[in-house]
Amino acid sequence: MFETIEELDIGEPVLRDLIVKSVIPINQDHTVEVLLMDTHEDYTRGVKHVFASPNFEDVALQDTEQDSDLYGLTLRSLIGDNGVWINKLYYRNSDKLSSEGEAFPDLVPEGSPASDYPVRENIITIGENEKEIGWRSDFETANQWGMFSAGARVTQIELDYITVLDGDWNRFVYDEDDFSPKPEQYYIVLTPQNINSAIRQKETSYAAYVDQTFELGDWNVGTGLRVERDGFADESFASPRFSVNWQPGNTFRYFATAGLFHQSPRYLELAANESNKLKTEKITHTSVGFKYFPSNNWSVLTEAYYQKLDNLVVDLDRVSGTFANIGDGTSYGVDFVVNGTIFEGLYASATYSYNDAVEDWKDGRGDVAAEFSRDHVATLGLTWEINDNWKVAGRYKYLSGRPDDEFIIHADVLGPGQPLRYSKEITARNVGRKSGSGLLNVRVDYRRAFGPIDITAFLDVINVTAASSSDDTEFDYRRGVQVEDESEAEPLIGLRLDYAW
């Protein structure tokens, strides 16, 4: 496929997904659901792909392999006149091994074949193995006040993460506060002593919740409490939840929510350095909104929200891989969603989101734009079900730019007698914004039934217009320039089989 779109430098990805799902009624009150998933991902990028890279902009040698499995069993039971009790048992396993090296095409005469390039393979190798077994139980029933629900979660996760650096590695993009032994050294050196790390840890986490919705005429008032124990954060906490809904008629519904949420530590950050003893990040969320129904076929949702962010994990030093829960911030915005039927078989949706998110990393700079945040995101989608066999869908998405960085480019940082290298010293992160971008995706489905078997063939074209984004800019340390990725349309052809009995 990449040869078709003339993207020969991308590499060679191989993807395989196998999904089996079955619903088996036992009797009138009990149903068993079985879910089996097996996925495999393999990605290789070698010297022949470096050779195809324009101006040798990307000289990375990469090799990644990941196998993932998920086995799930669900028992759905009807209890009494209106109660539903759902129990799920599952096992998940993910085994990922990735390595990165580097080719040096500038160290051989121009025009040399790829086989002559000096290479340094497997400079850094990262192993990520996760095993998870869990049980989830949820019960819901109507009572004299309205609707009652309760549930429990028990999860045991075993991590086996390892990072191995094969010798010192010069890196030419760095923050000004990253560790450097000499102030006149305008690059950083990753060393096995600081980078090599491993975490082999098994922890069990628990959670239980209870919710009661009080139905009072046109009003619904919900209260709830979630109690959790996070094994990896070694932390216990309670999170209250509250909601109000008012629907005085068929045209408008008004609502408000408030609650406390926690985000568990990211495993790669825990594994980056044995000193990283991370706690959960805390999010205090409030929102108000309304939903308007101008007709039976159309709805308009408007919601404004505010979030207070505490205990945010901050990257302290990329040389040593240290992180700490020292950040805080805020996030607020408004979302609009329009859904409707233009006529039978033709459906439309449109969304717009405004968000202002800032974080304080306690580095003396105060509030800065949150990493990966965007001020504006808008989408417009159409789905046309032409007949029982054909369906066409398209979706356009506009994204304003992510936060940008201020930086200085230094020349000939390795000194006399060494290969010419430039470096990019980031002096201020998340300052200003990159330019926005748009993305158009189109999908065509053709479905045919052959007895109990449904076959669906589809063509999914991502980025139809081959639009580029400034978000994908990378630094070329051989030429000292910022390189913007020239995107291409990416077609995906697939076949889906469904069997019912």
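The values are calculated or read from the model by the stated rules, or taken from the named source; none is laboratory data. What you see is a predicted model, and the numbers here were worked out from it, not measured in a lab. Note that each Cβ is placed from the backbone with ideal geometry, even for glycine, and that neighbours are counted across all protein chains shown.
Given 358, 413, 392, which one is among the hydrophobic types (A, V, I, L, M, F, W, C), free of Cβ contacts under 8 Å to residues at least 40 places away in the same chain and either touching a Ser or Thr at 6+ places or on another chain (Cβ under 8 Å) or assigned to a strand (DSSP E or B) (or both)?
Numbers: 413 fails: free of Cβ contacts under 8 Å to residues at least 40 places away in the same chain; 392 fails: free of Cβ contacts under 8 Å to residues at least 40 places away in the same chain.
Sole residue among the options that is among the hydrophobic types (A, V, I, L, M, F, W, C), free of Cβ contacts under 8 Å to residues at least 40 places away in the same chain and either touching a Ser or Thr at 6+ places or on another chain (Cβ under 8 Å) or assigned to a strand (DSSP E or B) (or both): 358.
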Members of region 337-355 found to be under 23 Å from residue 403 (Cα atoms) and touching a Ser or Thr at 6+ places or on another chain (Cβ under 7 Å), listed by number: 351, 355
Condition broken by residue 185, with the remaining ones in (1) within 27 Å of the chain's Cα centre (by Cα); (2) modelled with pLDDT under 95 satisfied: (1)
Residue list for region 260-290, filter: more than 30 Å from residue 165 (Cβ to Cβ) and not aromatic (Phe, Trp, Tyr): 260, 262, 282, 283, 284, 285, 286, 287, 288, 289
Per-region count, region 211-228, residues surrounded by fewer than 17 Cβ atoms within 10 Å (Cβ to Cβ), under 29 Å from the mean Cα position of the chain (by Cα) and in contact (Cβ under 8 Å) with a residue 24 or more places away in the chain: 0
Residue that is surrounded by the fewest Cβ atoms within 10 Å (Cβ to Cβ), among those in region 372-404 that are farther than 17 Å from residue 468 by Cα and acidic (Asp, Glu): 388
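Please go through region 211-225 and pick out each residue that is part of a strand (DSSP E or B) and of a type in the set (Gly, Ala, Ser). Write out each step before concluding.
Here is the first cut: in region 211-225, the ones part of a strand (DSSP E or B) are 211-216, 219-225.
Residues satisfying the conditions are 222, 224.
Taking region 422-440, which residues are basic (Lys, Arg) and free of Cβ contacts under 8 Å to residues at least 40 places away in the same chain?
Residues of region 422-440 basic (Lys, Arg): 424, 429, 433-434.
Passing the criteria: only 434.
Filter region 282-319 down to the residues that are of a type outside the set (A, V, I, L, M) and touching a residue at least 60 places away in the same chain (Cβ under 8 Å), then identify the one that is nearest to residue 173 (Cα to Cα). Outline the logic, then answer.
In the first step, residues of region 282-319 are kept if they are of a type outside the set (A, V, I, L, M); the result is 282, 284-287, 289-299, 302-303, 305-308, 310-311, 315, 317-318.
With the extra rule that they be touching a residue at least 60 places away in the same chain (Cβ under 8 Å), the set shrinks to 317-318.
Numbers: 317: 13, 318: 10 Å.
Within region 282-319, the match that is nearest to residue 173 (Cα to Cα) is 318.
Only one of these is among the aliphatic types (A, V, I, L, M), modelled with pLDDT of 95 or more and within 30 Å of residue 484 (Cβ to Cβ): 70, 61. Name it. Walk me through it before giving the result.
Numbers: 70 fails: within 30 Å of residue 484 (Cβ to Cβ).
Exactly one of 70, 61 is among the aliphatic types (A, V, I, L, M), modelled with pLDDT of 95 or more and within 30 Å of residue 484 (Cβ to Cβ), namely 61.
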Top-ranked residue of region 346-385 - restricted to ones that are modelled with pLDDT under 95 and over 25 Å from the mean Cα position of the chain (by Cα), ranked as farthest from residue 443 (Cα to Cα): 364
Condition met for residue 52 (among the aliphatic types (A, V, I, L, M) and out of contact with any strand residue (DSSP E or B) (no Cβ under 7 Å at 6 or more places or on another chain)): yes
Condition check for residue 443: in a loop (DSSP other than H, G, I, E, B), touching a residue at least 24 places away in the same chain (Cβ under 8 Å) and either out of contact with any His (no Cβ under 6 Å at 6 or more places or on another chain) or within 30 Å of residue 358 (Cα to Cα) (or both): no
Of residues in region 114-123 being among the aliphatic types (A, V, I, L, M) and in contact with a helix residue (DSSP H, G or I) (Cβ under 7 Å, 6 or more places away or on another chain), the one nearest to residue 272 (Cα to Cα): 119
Close pairs from region 477-501: first among the aromatic types (Phe, Trp, Tyr), partner modelled with pLDDT of 85 or more and assigned to a strand (DSSP E or B), Cβ under 6 Å, at least 6 apart: 499/453
Failed item, numbered, when residue 460 is tested on (1) part of a loop (DSSP other than H, G, I, E, B); (2) under 30 Å from residue 339 (Cα atoms): (1)
Residue, farthest from residue 21 (Cα to Cα), within region 90-124, restricted to residues that are touching a Ser or Thr at 6+ places or on another chain (Cβ under 8 Å) and surrounded by fewer than 17 Cβ atoms within 10 Å (Cβ to Cβ): 121
Top-ranked residue in region 485-499 [being exposed (fewer than 15 other Cβ atoms within 10 Å of the Cβ) and in a loop (DSSP other than H, G, I, E, B); ranked as modelled with the highest pLDDT]: 485
Top-ranked residue in region 416-425 [being assigned to a loop (DSSP other than H, G, I, E, B) and surrounded by 13 or more Cβ atoms within 10 Å (Cβ to Cβ); ranked as farthest from the chain's Cα centre (by Cα)]: 420
Index of the failed condition, residue 165 passing every other in (1) free of Cβ contacts under 8 Å to residues at least 60 places away in the same chain; (2) in contact with an Asp or Glu (Cβ under 8 Å, 6 or more places away or on another chain): (2)
Criterion (exposed (fewer than 15 other Cβ atoms within 10 Å of the Cβ) and either in a strand (DSSP E or B) or out of contact with any His (no Cβ under 8 Å at 6 or more places or on another chain) (or both)) met by exactly one of 208, 238: 238
